[in-house]
Amino acid sequence: NIRSCHHINNDSTDGQLVKVAGLVLVRQRPGTAGGVCFITIEDESGYSNLVVFEKLFETYRKEILHARLLMVEGRLQREGKVVHVIVSKCFDFTKMLGKLVQREVDELPVLTLARGDEKTAPYPSHNKPAQVREGVPKEAFHGGRNFK
C-alpha cells in the first residue's frame, strides 16, 4: 500500500519498508554528497524526504530526473524527528497527473490575482465578504514575442 507523507513522517517505524508517492518539489545532488541525490516530494498531507544512493540513481536516472509525480519504495530511516526514505525502487507516475485535470489547459481561465496580490487587513474581519478572483480570457492579453 502507498502511504501518505503524513503517515510516513508520523506513524511509520525505523527500518519499515514503505511506499510513498508525491509531486517532486526538489532534487539535489550536491558535489559534496558522494553521488547521493536528495529528493523532496509532497502530497496533500505533507512532504517526505527521499535519499537515493549513486548506484540506484544511475539505475533510475530517467525516472528521478523527469518525473513530476514520483512513487518510491524504500526503507524508512528515523533519527529523532528527522525522517528519510532510503529509496530502493522508483516509478514515474507523471502520466497519472493528466487524469486529475478535467479541462484542457487552454480552456483554463487566467486569474487576475494571485494569492500574494490580494489585500487583506492585518486581522481578517468576519463581516466583510471575501475577495473574489475573476477569470480573464487569454485573448484579452497582447500576443507578445514568440521565442520558439
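Here are some notes:
- Picking from residues in segment 1-14 that are touching a Leu at 6+ places or on another chain (Cβ under 8 Å) and buried (at least 17 other Cβ atoms within 10 Å of the Cβ), the one that is modelled with the lowest pLDDT is Ser12.
- Within segment 6-37, the set of residues being assigned to a strand (DSSP E or B) and more than 20 Å from the chain's Cα centre (by Cα) comprises just one member, Leu17.
- Val24 being in contact (Cβ under 8 Å) with a residue 40 or more places away in the chain and either surrounded by fewer than 17 Cβ atoms within 10 Å (Cβ to Cβ) or not basic (Lys, Arg) (or both): yes
- Residue among Glu42, Glu58, Glu63 that is in contact with a Cys (Cβ under 9 Å, 6 or more places away or on another chain), acidic (Asp, Glu) and not in a strand (DSSP E or B): Glu63
- Ser48 among the hydroxyl-bearing types (Ser, Thr, Tyr), more than 15 Å from His7 (Cα to Cα) and at pLDDT 95 or above: no
- Test: Leu17 is surrounded by fewer than 17 Cβ atoms within 10 Å (Cβ to Cβ) and modelled with pLDDT of 95 or more: yes
- Scanning segment 35-51 for residues that are over 18 Å from Leu65 (Cα atoms) and either out of contact with any strand residue (DSSP E or B) (no Cβ under 8 Å at 6 or more places or on another chain) or of a type in the set (A, V, I, L, M, F, W, C) (or both) yields Glu44, Ser45, Gly46.
- For Val83, the conditions (1) buried (at least 16 other Cβ atoms within 10 Å of the Cβ); (2) farther than 18 Å from Lys19 by Cα all hold with the exception of (2).
The values are calculated or read from the model by the stated rules, or taken from the named source; none is laboratory data. Since this is a predicted model, take the numbers as computed values, not measurements. Cβ coordinates were reconstructed from backbone atoms using ideal geometry, including for glycine residues, and neighbour counts include every protein chain displayed.
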